[in-house]
């Protein structure tokens, strides 16, 4: 008896072909964007050492900000085998500089050394998005749309071709949720260790991920509470795995700063928050490599009106500004579409799933909440790229939000 529906093997082959096309499309978009920016845009700052990408007549500005620090740290590792502090206290978490240094050693100090691996990694992220969406919704159409949204999103394309840690960080946080997905399918210590490894690496890539870890541990207790003793043993293994990954970095910082701080980036973030009212005090803490957590808390309590005013401004920027900083006029149209259409639909889809007590969407909601609150409560720069980790998952849930709203409308009719 003939049937119009494809068999399971044929469906899998078709899915693999489509995923390959999505991957190649993502690579092509990023590569062509890089060629354009590095040859025809006079404001491009992603070229190493002022060298052109293709032509000899190209000139560029000096690498600045985070990109300069990442680049210098990576050179320190590739040339001297050690992470030497950059610009005094401003030392970033080690993973992204180590990632860069591997390719500097293999391919030399040139723009190709980081650009091609980073483009391939970020294009792979679009495929991982497909598998995460497939697990969340068991809907191939939503999964492919989510993967294409990531592949075509100008925000992800632009960060992937610069000396920013976003591509690697996005890979790790998607891997965190995929590893928890595997833990749902099969609860074993091996899968718990895998979750711990990806969580530890994500924190070593971007310090802000530390804010999510307490929420993730609380969620772990809730999600696997029915396992009782196995849950507690898994929780212990999860924590020990992360601590083992953190130990070398904490030991290095203790030897360097006389205290086991995770990253002196916290000094900069908190000092900038203090500087809203007391720039001299902030500068002193910044120079001395001290993470002024207690001073920051005391300052917030002593001057609550000024702190609340600054927090209100950051809240408004994060939730009501489509392009806070770092977006030129040509990208503002895209930023508006994503912000005013994708974000609301994404929050609708995510909250619906979290309200239904779906465990993985609840964990994703906690990740977004921790990212948002850290940026609101401390004075991290308002650049659009700091909001991108939330955009990954809101982009997935936006398509579910559309289906949910269409279902409600049909039901009303």
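Of everything listed in (1) modelled with pLDDT under 85; (2) farther than 24 Å from residue 103 by Cβ, the single unmet condition for residue 18 is (1). Residue 199 meets each of the listed conditions (1) touching a helix residue (DSSP H, G or I) at 6+ places or on another chain (Cβ under 8 Å); (2) exposed (fewer than 14 other Cβ atoms within 10 Å of the Cβ); (3) under 26 Å from residue 127 (Cα atoms) apart from (2). Output the residue which, of all residues in region 209-238 that are on the phi < 0 side of the Ramachandran plot and not in a helix (DSSP H, G or I), is surrounded by the most Cβ atoms within 10 Å (Cβ to Cβ). Ranking the candidates gives 212 first. Could you say whether any residue in region 391-401 is over 20 Å from residue 312 (Cα atoms), at pLDDT 85 or above and surrounded by fewer than 17 Cβ atoms within 10 Å (Cβ to Cβ)? No.
Condition first: out of contact with any strand residue (DSSP E or B) (no Cβ under 8 Å at 6 or more places or on another chain), surrounded by 14 or more Cβ atoms within 10 Å (Cβ to Cβ) and modelled with pLDDT of 85 or more. Can you find one or more residues in region 328-346 that meet it?
Of region 328-346, the ones out of contact with any strand residue (DSSP E or B) (no Cβ under 8 Å at 6 or more places or on another chain) are 328-346.
Now restrict to residues that are surrounded by 14 or more Cβ atoms within 10 Å (Cβ to Cβ): 331, 334-335, 338-339, 342-343, 345-346.
Those still in the list that are modelled with pLDDT of 85 or more too: 345-346.
Taking every residue of region 328-346 in turn, at least one turns out to be out of contact with any strand residue (DSSP E or B) (no Cβ under 8 Å at 6 or more places or on another chain), surrounded by 14 or more Cβ atoms within 10 Å (Cβ to Cβ) and modelled with pLDDT of 85 or more.
If you filter region 376-388 down to residues that are in a helix (DSSP H, G or I) and under 20 Å from residue 336 (Cβ atoms), you find that the one that is modelled with the lowest pLDDT is 384.
When you look at residue 181, is it within 24 Å of residue 236 (Cβ to Cβ) and without any contact (Cβ under 8 Å) to a residue 60 or more places away in the chain, yes or no? Reasoning before the result, please.
On the way: within 24 Å of residue 236 (Cβ to Cβ): yes; without any contact (Cβ under 8 Å) to a residue 60 or more places away in the chain: no.
It is false that residue 181 is within 24 Å of residue 236 (Cβ to Cβ) and without any contact (Cβ under 8 Å) to a residue 60 or more places away in the chain.
Residue 171 passes every criterion in (1) under 16 Å from the mean Cα position of the chain (by Cα); (2) outside the structural domain of residue 232 (by TED's automatic domain parsing) apart from (2).
Applying the criterion of at least 1 residues that are over 20 Å from residue 364 (Cβ atoms) to the helices (runs of 4 or more DSSP H) found wholly in region 93-208 leaves 95-107, 111-137, 140-152, 154-160, 189-205.
The values are calculated or read from the model by the stated rules, or taken from the named source; none is laboratory data. No experiment lies behind these values; they were computed from the predicted model shown. Glycine also receives a Cβ, built like all others from the backbone with ideal geometry; neighbour counts cover every protein chain displayed.
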